[in-house]
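J.: After the structure tokens below, expect a handful of questions from me.
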């Protein structure tokens with residue numbers, strides 16, 4: 001059996017919305033579907049380093065503290081390393097138009113209706129968004145001494 005291909009994927013979550021990329025229809029693998037951003041783990045690179053690099057290359061953002069999450073896939077050729085990202089510098093934009101033809105923030109209720117690259121990952125994505133939303137709620141009720149230092153990110157535009 002051939003060695004599985006290691007890939008690193010990022011689920012960026014902000015205010016309960018998940019950022020997904022639509023893979024260009026011309027892509028050889030997984031064309032014309034929604035997916036997390038990411039790509040191959042390069043030789044000598046650790047998965048968390050790869051996801052940090054991929055977010056910079058594909059979204060133009062510097063991520064902080066990507067946290068591993070379970071991400072099942074039905075593709076036996078892939079060794080998937082997925083990460084929940086809730087903190088980053090910069091505003092995500094499509095920095096890789098040759099790979100993605102769209103980026104959008106989705107509410108969790110929108111996700112089941114999408115054509116996903118890895119449909120078996122949907123429950124993991126929804127769970128991770130729920131975890132991130134729970135953390136946001138805890139941060140939204142800061143103690144008096146933290147209230148003046150809390151930074152809020154803008155709410156993304158509703159999906160069309």
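J.: Take every DSSP beta bridge whose two residues both sit in the stretch 5-149, then give the antiparallel share in percent to the nearest 5. The partial results should precede the final answer.
T.: Numbers: 20 of 29 bridges.
Here the antiparallel bridges make up roughly 70 percent for the stretch 5-149.
J.: Ordered by packing density, taken as the mean number of other Cβ atoms within 10 Å over each peptide's residues, highest first, how do 81-87, 96-102 rank? Don't skip to the end; give the middle numbers.
T.: Details: 81-87: 22.4, 96-102: 14.7.
For the peptides 81-87, 96-102, the packing ranking is 81-87, 96-102.
J.: Could you compute how fast the stretch 5-149 diffuses translationally, taking Rh as the Kirkwood radius over C-alpha pairs and applying Stokes-Einstein at 25 °C with viscosity 0.890 mPa s? Give it in µm² per second.
T.: Values: Rh = 15.6 Å.
In µm²/s, the coefficient rounds to 157.
J.: Only Cα pairs under 8 Å and at least 6 apart count here; give the relative contact order of the stretch 1-53 as a rounded whole percent. Could you put the intermediate results ahead of the total?
T.: Working: 67 pairs, mean separation 19.5, N = 53.
Relative contact order here is 37 percent.
J.: I would also like to ask the following. Find the Rg to Rh ratio for the stretch 32-101, where Rh is the Kirkwood radius over alpha-carbon pairs and Rg uses the same atoms. Don't skip to the answer; put the middle values down first.
T.: Values: Rg = 12.2 Å, Rh = 12.9 Å.
Radius of gyration relative to Kirkwood radius: 0.95.
J.: Can I ask one more? Quick one: 54, 49, fewest Cβ neighbours within 10 Å first, how do they rank? Working shown, then result.
T.: Details: 54 23, 49 14.
By the 10 Å Cβ count, ascending: 49, 54.
J.: Moving to a separate point now. As a test of understanding, state the convex hull volume per residue of the stretch 4-65 from its alpha carbons, in Å³. All intermediate terms of the calculation are to be shown ahead of the outcome.
T.: On the way: hull volume 6.5 nm³, N = 62.
Enclosed volume per residue, from the Cα hull, is 104 Å³.
J.: Which ordering of 71, 116 is given by a fewest-first count of other beta-carbon atoms within 10 Å? All intermediate terms of the calculation are to be shown ahead of the outcome.
T.: On the way: 71 21, 116 18.
Ranking 71, 116 by Cβ neighbours within 10 Å, fewest first, gives 116, 71.
J.: Hey, what did the stretch 5-149 get for relative contact order, percent, Cα under 8 Å, at least 6 apart?
T.: Working: 267 pairs, mean separation 44.5, N = 145.
That works out to 31 percent.
J.: With each label point set 7 Å from Cα along the Cα-Cβ vector, what nm distance links residue 30 and residue 93?
T.: Distance between the two pseudo-spin positions: 2.5 nm.
Every number here is computed from the coordinates shown, using simple stated rules; none is lab data. Since the model is a prediction, treat every value here as computed from it, not as a measurement. Methodologically, a virtual Cβ is constructed for each residue, glycine included, from the backbone with ideal geometry; neighbour enumeration extends over all protein chains shown.
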